[in-house]
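Here the structure is laid out as structure tokens; the discussion comes afterwards.
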Amino acid sequence: MELQGKVALITGGTAGIGAEAAKLFVREGAEVVISGRDKERGAAAVADIGGDGGRVRFVQADLGDLDSVRNLAAEAGPVDILVNNAAAFPTAATLDQDVESFEAMFDTNVRGTFFLTAALLPAMIAKGEGSVVNVSTMAASMGVPGASVYSATKAALESLTRTWAAEFGARGVRVNSVAPGPTMTPGVLVEWGDGVEALGNTLPLGRTARPQEIAEAILYLASPRAGFVTGATLAADGGATAV
Ligand SMILES: NC(=O)c1ccc[n+]([C@@H]2O[C@H](COP(=O)([O-])OP(=O)(O)OC[C@H]3O[C@@H](n4cnc5c(N)ncnc54)[C@H](OP(=O)(O)O)[C@@H]3O)[C@@H](O)[C@H]2O)c1
């Protein structure tokens, strides 16, 4: 059990990739806090992830709201592992992009993630160890029509990954990203519909990912097996960015 004795917060751990990561973390012995906006979804996810002896709990939080972010840090922390997974990803062509949705994506994916991480880092630093895994996307390093703002938020997250690795490495905290390709989750099906399957067909591996496959990459980076890995972005994209 690789995460025995560790406490992890997985934002957006109530569905999709985050929920699968929570299952793997529980299997590996961690105590897991999952967050999301919807209380009922949170309760259902806790029951589904089903850690015996109460090893999973839910904290309601909206990453787009700074008060909510502060409350999440206070209720979840201190943690040994932080997985910044929750994100907003509505699609829009650049010429149709409205300001409200632009701001919601940056507030959630960049501002919320930034200040949550900043609030939880001091405890990791005090302990002399910790691991942060940011969930990015292959679109951060590719031109994907309809994903301009979303891709820009994730490119910012990959930049933060490198800066944080440089700022906190000497104090024992590793910071990495996973950049998934199209993955079959409830959220992506709402936003992209059949387009997800079509995108998967264009990849070298010729298919979409299962959320469990992305969760495995997150687990690897969070675990001691990645002890000498920091500042990296691991492509889990079926080969998309290799071609
Ligand atoms: N699926 C893909 O194809 C794909 C590809 C590349 C990267 N990714 C990245 O992978 C991560 C997870 O995506 P997913 O497909 O698993 O998404 P998902 O199925 O939509 O799940 C998203 C999770 O985040 C929570 N969430 C959404 N907005 C939130 C907010 N403002 N504040 C707090 N929690 C919020 C959701 O719960 P509530 O709705 O209840 O808040 C849910 O638990 C995201 O960072 C996404 O950008 C996904």
Looking only at region 204-229, and only at residues there that are touching a residue at least 40 places away in the same chain (Cβ under 8 Å) and more than 15 Å from L24 (Cβ to Cβ), the one that is nearest to the ligand (Cβ to nearest atom): V229
Members of region 49-66 found to be closer than 25 Å to F168 by Cα and either assigned to a helix (DSSP H, G or I) or among the acidic types (D, E) (or both), listed by number: L66
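Go through region 176-195 and give me each residue that's surrounded by fewer than 19 Cβ atoms within 10 Å (Cβ to Cβ) and within 21 Å of D107 (Cβ to Cβ).
So in region 176-195, the residues surrounded by fewer than 19 Cβ atoms within 10 Å (Cβ to Cβ) come out as 184, 186-187, 189-195.
Hits for region 176-195 are G187, V190, E191.
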Boolean, L116 is surrounded by 18 or more Cβ atoms within 10 Å (Cβ to Cβ), within 12 Å of the ligand (Cβ to nearest atom) and modelled with pLDDT of 95 or more: yes
Meets criteria (away from the ligand (no atom under 12 Å from the Cβ) and open to solvent by less than 10 Å² (accessible area, probe 1.4 Å)) for A198: no
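Test V173 against the stated conditions and say whether it is over 14 Å from the mean Cα position of the chain (by Cα), away from the ligand (no atom under 16 Å from the Cβ) and open to solvent by less than 10 Å² (accessible area, probe 1.4 Å). Break it down into steps so the answer makes sense when it comes.
Details: over 14 Å from the mean Cα position of the chain (by Cα): yes; away from the ligand (no atom under 16 Å from the Cβ): yes; open to solvent by less than 10 Å² (accessible area, probe 1.4 Å): yes.
Yes: the conditions hold for V173.
Would you confirm whether any residue within region 55-72 is of a type in the set (G, A, S), crowded, with 21+ Cβ neighbours inside 10 Å and touching a Ser or Thr at 6+ places or on another chain (Cβ under 6 Å)? I'd like the intermediate steps shown before the answer.
Taking region 55-72 and keeping what is of a type in the set (G, A, S), we get 61, 64, 68.
Cutting the leftovers down to crowded, with 21+ Cβ neighbours inside 10 Å gives us 61.
The next check asks that each one be touching a Ser or Thr at 6+ places or on another chain (Cβ under 6 Å); those that pass are 61.
Among the residues of region 55-72, at least one is of a type in the set (G, A, S), crowded, with 21+ Cβ neighbours inside 10 Å and touching a Ser or Thr at 6+ places or on another chain (Cβ under 6 Å), which makes the answer yes.
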Qualifying position, being open to solvent by 20 Å² or more (accessible area, probe 1.4 Å), small (G, A, S), more than 14 Å from the ligand (Cβ to nearest atom) and under 30 Å from E129 (Cα atoms), among A165, A232: A232
Qualifying positions in region 193-202 - in contact with a strand residue (DSSP E or B) (Cβ under 9 Å, 6 or more places away or on another chain) and either of a type in the set (A, V, I, L, M) or under 25 Å from S101 (Cα atoms) (or both): V196
Residue list for region 19-48, filter: of a type in the set (D, E, K, R), over 16 Å from the mean Cα position of the chain (by Cα) and either assigned to a helix (DSSP H, G or I) or within 13 Å of the ligand (Cβ to nearest atom) (or both): R27, D38, K39, E40, R41, D48
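How about region 153-212: which of its residues are of a type in the set (G, A, S) and part of a loop (DSSP other than H, G, I, E, B)?
Restricting attention to region 153-212, the residues satisfying the condition of being of a type in the set (G, A, S) are 155-156, 159, 165-166, 169-170, 172, 177, 179, 181, 187, 193, 195, 198, 200, 206, 209.
Within region 153-212, G172, G181, G193, G206 qualify.
Where residues in region 1-14 are open to solvent by 30 Å² or more (accessible area, probe 1.4 Å) and not charged (D, E, K, R), which of them is nearest to the ligand (Cβ to nearest atom)?
The first filter runs over region 1-14 and keeps only residues open to solvent by 30 Å² or more (accessible area, probe 1.4 Å), leaving 1-2, 4-7.
Remaining after also requiring not charged (D, E, K, R): 1, 4-5, 7.
Numbers: M1: 25, Q4: 25, G5: 25, V7: 19 Å.
Checking each candidate, the answer is V7.
The values are calculated or read from the model by the stated rules, or taken from the named source; none is laboratory data. None of these values were measured; they are calculated from a predicted model. Cβ atoms come from the backbone with ideal geometry, glycine included; neighbour counts cover every protein chain shown. The area values use the complete protein model at the heavy-atom level, side chains included, leaving out ligands, DNA and RNA. Shrake-Rupley method; radii C 1.70, N 1.55, O 1.52, S 1.80 Å.
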